[in-house]
1. For residues that are aromatic (Phe, Trp, Tyr) and under 17 Å from residue B:19 (Cβ atoms), scanning just segment B:30-74, find the one that is least open to solvent (accessible area, probe 1.4 Å).
2. From the set of residues in segment B:102-115 that are open to solvent by less than 10 Å² (accessible area, probe 1.4 Å) and either free of Cβ contacts under 8 Å to residues at least 24 places away in the same chain or assigned to a helix (DSSP H, G or I) (or both), which is farthest from the other protein chains (Cβ to nearest Cβ)?
3. Considering only residues that are more than 12 Å from chain B (Cβ to nearest Cβ) and either in contact (Cβ under 8 Å) with a residue 24 or more places away in the chain or open to solvent by less than 30 Å² (accessible area, probe 1.4 Å) (or both), which ones fall in segment A:229-241?
4. Please count how many residues of segment A:186-200 are buried (at least 16 other Cβ atoms within 10 Å of the Cβ) and either more than 14 Å from every other protein chain (Cβ to nearest Cβ) or not basic (Lys, Arg) (or both).
5. Looking for something closer than 19 Å to residue A:85 by Cα, under 19 Å from the mean Cα position of the chain (by Cα) and within 13 Å of ligand 1 (Cβ to nearest atom) - is there at least one such residue anywhere in segment A:229-251?
6. Need the failing condition index for residue A:203 against (1) in a loop (DSSP other than H, G, I, E, B); (2) of a type in the set (S, T, N, Q); (3) open to solvent by less than 60 Å² (accessible area, probe 1.4 Å), just the number.
Amino acid sequence: MNTTNELRKSIKALIAEKKVDLFLAWEKGSLPLTATPLFVSTEDQADRAVFDVTCGNNLSIYFTKDRKQFANRKVGIAVKGCDARSVVLNILEKQIQRENVVIVGVPCDGVLDRKKVLAKTDGREVLELIDNGETVTVKGNGFDLLLNRNEILSSSCLACTYPDAQEYDVFIGDARGEVPNESRLKEIHDFQALSASERWDKTRNEYERCIRCYACRNVCPSCYCNVCFVDQNDPKWIGSTCDYTDTLIFHVIRNLHVAGRCVECGACQRACPMDIDLLMLNRKVAMEVKDRFGDIAGLDINGKPAMSDFREDEKQKFIMG
Amino acid sequence: MSEWQPRILAILCNWCSYAGADLAGVSRMQYPPSIRVVRIPCSGRVDPLFIMKSLQSGFDGVLVSGCHPGDCHYISGNYVARRKFAVLKPLLEFIGLEPNRVQFSWISAGEGDRFAKVVTKITEDIRELGPATRLVKKT
Ligand code: SF4
Ligand code: SF4
């Protein structure tokens, strides 16, 4: 089955039946390894929509970062499994109303990480990418590489547990079902087995490279405060420097702000120009939230984001005395 | 030479632990002179950023103390706080900070003795760790 064609059909139908006035999807990007967000409001425009391995963008960020545009409008959105969880969170956090969105789930086999492809081509520019399913062919001036899908998928996808939208109005094609992904927490357990000073050195080396461009924050569907704490200047919480203590505090607090809200879409890590392993801390926090409070971000449309909820009888061994 | 005295920031809830500290004081209980107190309206007011910032500015440890579960002046502030701390603490440990530097406790206004005990304990723990270095910003 051709997902792109089915997606186009379903967008056209939604627009023709006036179920939505706007539909958010992806179109072929101007560069071969990227897709561009597409805003569809007429049936003709629907023919530009695509879905393939380049469609990493989590389109739900428009709901929060461009809030005014979507107020009281019927909007359709194409979602991968992770994107759907973001939409659910947007609904739970009252950024959009459930009745105003039409969620169209697409079957996702993972999206690529541009940086991984460029590592394979030794930085040579890719002019064409062909998705063959199991493998991907990348072509450029004087090279033609056949790559295994697993070599270029985003780390988030390699460890994805919920590839299908759990909340949707329309689902295109065959769902993959829940993937029991043991590899997801392996890195964390390995890391935890190290000594405290080894962990500290590794963390410091990793985050010391951060140049504070905030691409990770800007691309994150769960980061949408009007004024981010790093941009506040009265009080100025942390220095706008690349000193590792400043960058590490930025990241620890960023992680806590997305605690119980991070859907592990991996957008932050793909966006990072310094290739910092941001997902590890995200997953660690998600693991704590799941173990302690039993919540998984964005899975339950009738739930409540973990950090704005509580139970009276929670474990509190960590409390002194 | 006298023993090294750590500097610990104690962030105390106005309705319980702050009064508990007062009680320890007026009852002339002995505890190490290691804490600097900041009074806050509720443990729920404590943003993890306060804790990180304190460590960055050179405190050797941070103690946050609020009302026992069920006793919050604002009904549920300490429950929300508990969730935040429950995630913050393992995260700090994960990145390699010494876990004993950041501690949480519940101390009521009547528990002056408990206050003295908690301060003594955290001071001893931190003395064992020595002065903070890892997250301290060198200017
Ligand atoms: S923190 Fe990263 S992985 Fe988590 S939701 Fe935000 S962009 Fe996605
Ligand atoms: S995208 Fe990477 S370099 Fe930029 S602020 Fe985030 S972690 Fe730092």
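1. The selected residue is B:31.
2. B:112
3. A:240
4. Matching residues across segment A:186-200 total 4.
5. no
6. (1)
Residue by residue, here is whether (1) under 30 Å from residue A:313 (Cβ atoms); (2) out of contact with any Leu (no Cβ under 9 Å at 6 or more places or on another chain); (3) among the small types (Gly, Ala, Ser) holds:
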| site | (1), (2), (3) |
| --- | --- |
| A:219 | no, yes, no |
| A:226 | no, yes, no |
| A:234 | no, yes, no |
| A:251 | no, no, no |
| A:267 | no, yes, yes |
| A:279 | no, yes, no |
| A:288 | yes, no, no |
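For every residue, the table says whether it meets (1) under 17 Å from residue A:33 (Cα atoms); (2) surrounded by fewer than 17 Cβ atoms within 10 Å (Cβ to Cβ); (3) in contact (Cβ under 8 Å) with a residue 24 or more places away in the chain.
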position: A:92; (1), (2), (3): no, no, yes
position: A:106; (1), (2), (3): no, no, yes
position: A:112; (1), (2), (3): yes, no, yes
position: A:128; (1), (2), (3): yes, yes, yes
position: A:146; (1), (2), (3): yes, yes, no
position: A:152; (1), (2), (3): yes, no, yes
position: A:155; (1), (2), (3): yes, no, yes
position: A:160; (1), (2), (3): no, no, yes
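The values are calculated or read from the model by the stated rules, or taken from the named source; none is laboratory data. Every value quoted in this text rests on a predicted model; they were computed, and no experiment measured them. So basically every Cβ, Gly included, is an ideal-geometry build from the backbone, and we count neighbours across all protein chains shown. The accessibility values were calculated without ligands, DNA or RNA, using every heavy atom of the protein model including side chains. Shrake-Rupley method; radii C 1.70, N 1.55, O 1.52, S 1.80 Å.
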